[in-house]
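**Student:** My questions will all concern the structure given below.
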Amino acid sequence: MTSLDGTVALVTGASSGIGEATARALAAQGAKVAVAARRLDRLEKLASEIGAEGQTALAIESDVTDQGQAIAAVERTVDELGRLDIVVNNAGQMLLGPIEDAPTEEWDRMIDLNLKGLIKTTHAALPHLLAAAEDSGRGCADVVNISSVAGRIARSGSGVYNLTKFGVGAFSESFRQEFAERRLRSTIIEPGAVDTELTDHLREGVREKTRERFADIEMLQAEDIADAIAYAVTRPRHVSLNEILIRPTEQVG
């Protein structure tokens, strides 16, 4: 395992769930963490709790669907914490339901956040990550993109969510190939059912059906995914974990 002492990580969608757990996990490994999301009150509470553990966290209110705000989040991270070694693109929404009669504004929201927010944040961070790969004691830098089992398997009632997560996979692999020789690593994390707020945003009817599907299995916890992310970014420079698929043991599909 490679220490994260002296590194800086930016985690988007960090106000709850996987993002919050990841910020805590990376801080525990020695990284300074910038936590970005729209809910500043939650971010400030998280940063305070990380600080109370003797670690460093910076709360940044940011909507990464807006390119200016995505750039500003990256620049503030570098300005206040000194560098940028790791980006975890976690911000995302899962708005399921049939294609027929769908409220298409839900599709826009998912495409804007799950895809556009991810690529805008990554693009803004790129010069800093490449610089970190050159001068870091680790000898590498990391981009971790949170996808889903839905990025591997398309299901009825999940069409546009599938579209966004398959897109995350395609972008991540192209990114990996482009920057492999410059030691900027690309990892895609594909969780199955995780017990987070994700289903809270589903519309009535779809929400109940989705929750019923997983009612009889022990779901993953956000900390399970954060543990995998921390594992990936603490590998030695010659090891790049490109793809990690994580399902609850009892989840079939």
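Every number here is computed from the coordinates shown, using simple stated rules; none is lab data. This is a predicted model, so every value here is computed, not measured.
**Student:** Quick check: from the Cα gyration tensor, does the chain come out rounded (a/c under 1.5), prolate or oblate?
**Tutor:** prolate
**Student:** Separate question: Quick one: which residues, 5 or more positions from A34 or on another chain, have an amide H under 5 Å from its amide H? H modelled 1.01 Å from N in the peptide plane, none for Pro or chain starts.
**Tutor:** It is A9, L10, V11, L58, by chain and number.
**Student:** Suppose the chain between R182 and A154 were pulled fully straight at 0.36 nm per residue; how much longer would it get relative to their current alpha carbon spacing?
**Tutor:** Separation in residues times 0.36 nm, less the Cα-Cα distance, equals 6.7 nm.
**Student:** Could you tell me how far the Cα centroid of the stretch 116-178 sits from the Cα centroid of the stretch 24-91, in Å?
**Tutor:** If we compute the Cα centre of each part, the gap is 18 Å.
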